[in-house]
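Let me begin by presenting the structure, written as structure tokens, before commenting on it.
Just so it is clear, none of the values below were taken in a lab; they were calculated from the coordinates. No experiment lies behind these values; they were computed from the predicted model shown. Note that we place each Cβ from the backbone using ideal geometry, even for glycine, and neighbour counts take in every protein chain shown.
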Amino acid sequence: MSSVNMEELEFLVELLNKYPTESLKKIAENEGVDYYRLKRIYDKYYGKCTQVSAIYNISRIGLKSFVAFLSVPRSDLRAVAWRMFQNPFIVYSNAMFGFKNGISAILHIPKDQTKLVGELLAKYSDDYEYYLVRSYPPPKNRDNTGSWNLSYDYAILMDILKWDARTPMKKISEILGKTRPTIRYMINRLKEEKILVRFEANIDTPAYDRGVLGIANEVRDEILEKFGEREIMIGSLKPKGYVIEWFFSSKEDLGTKLFEFSNYVEKVGIEYFDILEDLEKNRKCYRFSKMVKKDGSGYNSILDF
């Protein structure tokens, strides 16, 4: 692929976030832009540097988010990561070195299987820690986690929309063996039940290939003031604490970043997003269709993978 023109890429992402599933002709017509220019930019970047994905509220389907940290010997890192990638309930993992040398991971666990998380992680490491994580600031309402109450076809549809929300309706119809009106009904149902929150396009470039991750007892006002304009994410841990993640480029000075960030957290580690990047990119999105039982009665065991 030729070099990335960020102005073109940002132009495309802005339009796709405004019109995530509309045709290019419809987008060009609505925005008054040249169709052939738009198509050239789309063909150049879509599926390579950007893609439209469905964003789901997993609590509505009975899943809880956990963040986990595992000690894994450097020599076993890729082998263990590959094994973890076979489990659909482990939705993301990358290399980390710090308070745990090995792997940091995000898990989506059925609400009736949360007591099995330790047993799951023990399959990959003898030394691990994990936390239930929620949005920041933490929600004030009581836990109202739902349940999976849909047919198995919905799990397949959710995977398709997660992998590429611009998948042609004809192809979705062929995969599911259903008519287009039925598929539209299914998508609308996901929206009405607040499972499908939105469609979103992001820029996927190697600008940020490092991260500093920390566990903190509190989120001080000064960290929000200092890092608020930068690439930082905060999650609330239950029963207490916070996970804070700051993204940056390997071209920046690692020691300075670590020293600066460590003032605000009790535990700290460095994430290397590029070490396992090839494994992550080659991982096809069969998440929900592997999680859910084929009779639609609920979730498979997190220990079965």
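Using unit Cβ charges (K, R positive; D, E negative) and no other charged atoms, how large, in debye to the nearest 20, is the dipole of the chain about its Cα centre? The partial results should precede the final answer.
On the way: 47 positive and 43 negative charges, 282 e Å.
Dipole size: approximately 1360 debye.
Taking only C-alpha pairs under 8 Å that are 6+ residues apart, what is the relative contact order of the chain in percent?
Worked out over the chain, it gives 26 percent.
Can you pull the one-decimal nm distance between simple spin-label points at ARG78 and SER301, each 7 Å off the Cα toward Cβ?
3.2 nm
Around LYS267, which amide H atoms from residues at least 5 apart in sequence, or from another chain, sit under 5 Å from its own amide H, with H modelled in the peptide plane?
ILE215
Under 11 Å from the 7 Å Cα→Cβ point of LYS170, by amide nitrogen: which residues of the stretch 1-43?
none
With runs of 4+ DSSP H residues as the only contributors, calculate the mean residue ellipticity of the chain at 222 nm using -39,500 (n - 2.57) per run, divided by the residue total and rounded to the nearest 500.
Numbers: 12 runs with 104 residues, N = 305.
Helix-only estimate at 222 nm: -9500 deg cm²/dmol.
Could you line up TYR19, TYR124, TYR286 from fewest to most neighbouring Cβ atoms inside 10 Å?
Working: TYR19 18, TYR124 23, TYR286 14.
Neighbour counts put them in this order, fewest first: TYR286, TYR19, TYR124.
Taking the Cα centre of the chain as the origin and placing charges on Cβ (Lys, Arg +1; Asp, Glu -1), which of TYR154, LEU258, LEU63 is farthest toward the positive end of the dipole?
TYR154
I'd like the FRET efficiency for GLU14 and ASP126, computed as 1/(1 + (r/R0)^6) with the beta carbon distance as r and R0 of 45 Å, rounded to 0.05. Please list the in-between numbers first.
Numbers: r = 47 Å, r/R0 = 1.05.
The pair GLU14/ASP126 has a calculated efficiency of 0.40.
Could you check the spin-label model distance between SER151 and GLU192? Points 7 Å from the Cα along Cα→Cβ, value in nm.
1.5 nm
Using modelled amide H (1.01 Å from N, peptide plane; none on Pro or chain starts), what sits under 5 Å from the amide H of ARG198, excluding residues fewer than 5 places away?
Distant-sequence amide H within range of ARG198: ILE55.
If I model a spin label as a point 7 Å beyond the Cα along the Cα-Cβ vector, how far apart are those points for TYR272 and ASP221 in nm?
With each label point 7 Å from Cα toward Cβ, the separation is 4.0 nm.
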